[in-house]
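Here is the structure we will look at, set down as structure tokens.
The values are calculated or read from the model by the stated rules, or taken from the named source; none is laboratory data. No experiment lies behind these values; they were computed from the predicted model shown. Using ideal geometry, Cβ is built from the backbone for each residue, glycine included, and neighbour counts are taken over all protein chains shown. Just so you know, the surface numbers come from the protein's heavy atoms only, side chains and all, with ligands and any DNA or RNA stripped out. Shrake-Rupley method; radii C 1.70, N 1.55, O 1.52, S 1.80 Å.
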Amino acid sequence: MSDLKQLKNEFAALSDFLIALGDEKRQAILIALLADHACQGLRVTDLATTVELSRPAISHHLKILKQAHLIDFYSEGTKNYYYLSHDIKEITQLQHLLDHVNKIIATTKKTTHLSKEGKR
């Protein structure tokens, strides 16, 4: 039971990150930033054209992605350039969460399999 409590805590810790990843428009923004091979960053206007959203909508999604530590930005004068963050703490936590889920599933499979064999 402590495994499930720990799993619940892991999900809670990643809640904002998972919400940020779960939206199709934010996924499109992330993909556009991944496609920026020069890694010099993209402006809101560039993203608005690529993702086909208004500039205010892009700004809203960028704010959520920034809060989830998925993107960052730098300024040149009055222009902001957005790029993928190198802070992978949440990605590492997600990998641990998925490993934990797999471990619980594997344990459950073994227990279920053994109990079915015992009934025969």
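Candidates are the residues of the stretch 64-90 that are at pLDDT below 90 and either among the aliphatic types (A, V, I, L, M) or in contact with a Phe, Trp or Tyr (Cβ under 9 Å, 6 or more places away or on another chain) (or both); the one that is surrounded by the most Cβ atoms within 10 Å (Cβ to Cβ) is Glu90. Of all residues in the stretch 1-18, those that are in contact (Cβ under 8 Å) with a residue 60 or more places away in the chain have Cβ atoms under 7 Å from Cβ atoms of residues that are assigned to a loop (DSSP other than H, G, I, E, B) and surrounded by 12 or more Cβ atoms within 10 Å (Cβ to Cβ), 6 or more apart or on another chain, in Phe17/Ala68.
Flag: Leu21 does not match the condition of being without any contact (Cβ under 8 Å) to a residue 60 or more places away in the chain and touching a strand residue (DSSP E or B) at 6+ places or on another chain (Cβ under 8 Å). With respect to Ala20, determine if the residue is under 23 Å from Gln93 (Cβ atoms), open to solvent by less than 90 Å² (accessible area, probe 1.4 Å) and part of a helix (DSSP H, G or I). So Ala20 fits the description; yes. Pairs meeting the criteria (first residue in the stretch 94-107 and in contact (Cβ under 8 Å) with a residue 12 or more places away in the chain, second residue assigned to a helix (DSSP H, G or I) and of a type outside the set (A, V, I, L, M), beta carbons under 6 Å, at least 6 apart or on different chains) are Leu97/Glu10; Ile104/Asp3.
Only residues that are open to solvent by 70 Å² or more (accessible area, probe 1.4 Å) and either within 20 Å of the chain's Cα centre (by Cα) or of a type outside the set (Lys, Arg) (or both) were counted across the stretch 38-63, and they come to 8.
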